[in-house]
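**Q** Sharing a structure with you now.
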Amino acid sequence: MKSYQVSIFCVTILEMKTLKEIREENAISIRDLAKMSGVSTNTIVRIEKGLPARHVTRRAIAKALHKHPSDIDFNLTYKLP
């Protein structure tokens, strides 16, 4: 009689929310988020459109929203229009 060890993995898939979704859920305007994070309004608009942002910028925005940068989908893969 042979015995086999079976491993069962539990995978949790988290759906991250985009910056725009989080901002709108918290009723924060682009201008207010810019002031809270010290980032320009143009930068926030560009990020919400899917353009890349520097790590420092993503961290500042996440901190202003009381989130960890990995909790926000910053569209890190650039999408062509």
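The values are calculated or read from the model by the stated rules, or taken from the named source; none is laboratory data. Treat the numbers as computed from the prediction; the structure is a model and nothing was measured. Ideal geometry is used to build each Cβ from the backbone, glycine not excepted, and the neighbour counts take in all protein chains shown.
**Q** Counting just the residues of region 13-53 that are closer than 12 Å to ASN75 by Cα and among the charged types (D, E, K, R), which one comes out surrounded by the fewest Cβ atoms within 10 Å (Cβ to Cβ)?
**A** LYS49
**Q** Quick check on region 1-53: of everything there that is assigned to a loop (DSSP other than H, G, I, E, B), closer than 15 Å to LYS67 by Cβ and not polar (S, T, N, Q), which residue is modelled with the lowest pLDDT?
**A** Here the residue is LEU14.
**Q** Which members of region 63-81 meet the condition of being at pLDDT below 90 and loosely packed, with under 13 Cβ neighbours inside 10 Å?
**A** SER70, LEU76, THR77, TYR78, LYS79, LEU80, PRO81
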